[in-house]
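The values are calculated or read from the model by the stated rules, or taken from the named source; none is laboratory data. Being a predicted model, the structure only gives us computed values, none of them experimental. Here the Cβ is made from the backbone with ideal geometry for all residues, glycine too, and neighbour counts use every protein chain on show.
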Amino acid sequence: MSKILFLQNSARELEGLMSISSYISRNGHQSKMLIEGYGNLETTLETYRPDVVGLHVLTKDHDWAKEKCKEIKKLSPGTVTLLGGAHPTHYPRIGLEEGVDGICIGEGEKMTRYILDSIENNEDWKDSNSLYYAQNGVLVKNSLDSWLSAEEIPIPDRSLYRGVEGIRDNADLQIMSSRGCPYTCNFCGNWGIKNLFGSTRVRLKSPENVIKEIKDAKERGKIDTIHFQDDMFGLQEQWLNDFSKMYKAEIENPFYVLLRCDSVTEKLIYTLKDMGCYEVGIGIESGNERIRNEILGKRLKTETILKAAEILKKSGMRFHTFSMFGLPEETLENSFETIDLNIKIQPTVAYTQMFHPYPGTKFFTAETEPHIIGANFDLFSHNFPYTEDTPRIQRLQKLAMMAVEFPSVRPFLQGMIELPLEEGQFEEVAKEFWEKIYHKRLKNKNKHLEN
């Protein structure tokens, strides 16, 4: 038996780590979770004595992961340090950093089990598939392993987070009924996955296994609502029909899903509502069709977005939108188009964020990196590319949710983003409006669920 300690820099349950924990347990290996800022790393290393510490790393965690690996090596020199997650997969040079023994490329179940098996048997673990590691200052890249089939994907080990300091009891169950997405939009890490593996390969878990997974979670604690985190829920009609019957008969909890606008039909929304779906999320990304399709590769016409919104509103289904500001080639005028499209379709809430060219997207490659990381952009601190319009677009993004919620504000936006306020003052004003909208949305959601 070998032991792995998972270390992450956010206090939330991650299905990928729970899946790895479940997968390695089949060979008798043990796992434990530690949340940065809560448990004590030195004490945990001394008492648990893991063979491997696996760090989950997002791009924002780049510097944190580097420092943690050095700290682990100082406290426990013989412990293997592995990095996994989207960032190491798409930015593998982090594997050259001091204290990093290896990085996982893509899914981690097979690689982690192989390494733990090898350690248990006193064998070399560095020949594992999907592993990159540093040797004499050069990154050695082993062959990439095949993905797990739908049947091989285990039921996540939710006990991994039970009783872990920093994790609050949450009555909203986060779950995935599939892995992968058939689309490769330029702004998504799926674009990088296709370039690495040759395809994105969608795998739908069987309806029976998804129901079993939900029941397993409900046995462990109170569940009020279920959030399906699939990139796109219900991709196959027959799968959805089968799952719908089982869900209504055995689960009944209200749930939330993500959809593409071009998948929204009256039949689909009726089926989801009949099952108990209370809200869906749709991505419109930009109000400008050229930017949305030619730059972002979304392949989604504005008329399709309008039609989807019409169907959702007609059905009485709550829905929210996702949009980005500060996109490549976007002007301030284009940013206003994004607000105007959201106002036109009137979602329950309009979520927005500033664009960030993460590794793994078409906007961050070996060719574009020198132009992205410059004096005005720090990849690892969540800044974004800077143009002449950026300061005003940033301000507009902070006001977007308010403008969609209260369209009467729209004529005043231009003047508001020109206000002679320091950024801290402007953010405080925007934050106050946002909090009012958030609490209103939460109140409306609870009222909707009660009905």
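Yes or no: region 46-68 includes at least one residue that is free of Cβ contacts under 8 Å to residues at least 60 places away in the same chain, surrounded by fewer than 16 Cβ atoms within 10 Å (Cβ to Cβ) and in contact with an Asp or Glu (Cβ under 9 Å, 6 or more places away or on another chain). No, region 46-68 contains no residue that is free of Cβ contacts under 8 Å to residues at least 60 places away in the same chain, surrounded by fewer than 16 Cβ atoms within 10 Å (Cβ to Cβ) and in contact with an Asp or Glu (Cβ under 9 Å, 6 or more places away or on another chain).
Look at residue 206 and say whether it is closer than 25 Å to residue 249 by Cα, polar (S, T, N, Q), touching a residue at least 12 places away in the same chain (Cβ under 8 Å) and surrounded by 19 or more Cβ atoms within 10 Å (Cβ to Cβ).
It is false that residue 206 is closer than 25 Å to residue 249 by Cα, polar (S, T, N, Q), touching a residue at least 12 places away in the same chain (Cβ under 8 Å) and surrounded by 19 or more Cβ atoms within 10 Å (Cβ to Cβ).
Among residues belonging to region 264-280 that are within 24 Å of the chain's Cα centre (by Cα) and either surrounded by fewer than 16 Cβ atoms within 10 Å (Cβ to Cβ) or touching a residue at least 60 places away in the same chain (Cβ under 8 Å) (or both), point out the one that is farthest from residue 345 (Cα to Cα). Among those residues, the one meeting the criterion is 278. The set of residues from region 77-102 being small (Gly, Ala, Ser), more than 12 Å from residue 134 (Cβ to Cβ) and surrounded by fewer than 20 Cβ atoms within 10 Å (Cβ to Cβ) comprises 78, 86. Could you tell me whether residue 213 is at pLDDT below 95 and within 19 Å of residue 254 (Cα to Cα)? In short, no. Only one entry in 192, 234, 221, 166 is under 25 Å from residue 13 (Cα atoms), in contact (Cβ under 8 Å) with a residue 12 or more places away in the chain and touching a Pro at 6+ places or on another chain (Cβ under 8 Å), namely 192. Could you list, in sequence order, all residues of region 144-163 that are crowded, with 16+ Cβ neighbours inside 10 Å and free of Cβ contacts under 8 Å to residues at least 40 places away in the same chain? Once the filter is applied, which keeps residues that are crowded, with 16+ Cβ neighbours inside 10 Å and free of Cβ contacts under 8 Å to residues at least 40 places away in the same chain, region 144-163 yields only 145.
Here residue 123 meets the list (1) modelled with pLDDT of 95 or more; (2) acidic (Asp, Glu); (3) not in a loop (DSSP other than H, G, I, E, B) almost entirely, failing just condition (3). Residues considered: 383, 451, 446. Of these, the only one that is over 30 Å from residue 279 (Cα atoms), surrounded by fewer than 16 Cβ atoms within 10 Å (Cβ to Cβ) and at pLDDT below 90 is 383.
Kindly evaluate residue 247 against the criterion of being part of a helix (DSSP H, G or I), modelled with pLDDT of 95 or more and under 20 Å from residue 212 (Cβ atoms).
Numbers: part of a helix (DSSP H, G or I): yes; modelled with pLDDT of 95 or more: yes; under 20 Å from residue 212 (Cβ atoms): yes.
Judged against the criteria, residue 247 is a match.
So which residues in region 286-327 are polar (S, T, N, Q) and within 23 Å of the chain's Cα centre (by Cα), if there are any at all? Once the filter is applied, which keeps residues that are polar (S, T, N, Q) and within 23 Å of the chain's Cα centre (by Cα), region 286-327 yields 286, 293, 321, 323. Annotation for region 20-33: at least one member residue is at pLDDT 95 or above, surrounded by fewer than 17 Cβ atoms within 10 Å (Cβ to Cβ) and hydroxyl-bearing (Ser, Thr, Tyr). In region 250-265, what residues are under 23 Å from residue 305 (Cα atoms) and either of a type in the set (A, V, I, L, M, F, W, C) or in a strand (DSSP E or B) (or both)? Result: 255, 256, 257, 258, 259, 261, 264.
Suppose we filter 300, 272, 306, 268 for residues that are part of a loop (DSSP other than H, G, I, E, B), at negative phi and assigned by TED's automatic domain parsing to the domain that holds residue 338; which single one remains?
Working: 272 fails: part of a loop (DSSP other than H, G, I, E, B); 306 fails: part of a loop (DSSP other than H, G, I, E, B); 268 fails: part of a loop (DSSP other than H, G, I, E, B).
So the residue among 300, 272, 306, 268 that is part of a loop (DSSP other than H, G, I, E, B), at negative phi and assigned by TED's automatic domain parsing to the domain that holds residue 338 is 300.
Filtered by the rule that a residue be crowded, with 22+ Cβ neighbours inside 10 Å and β-branched (Val, Ile, Thr), region 308-344 gives 321, 338, 339. Taking the conditions (1) crowded, with 19+ Cβ neighbours inside 10 Å; (2) at pLDDT below 75 in turn, residue 394 satisfies each one other than (2).
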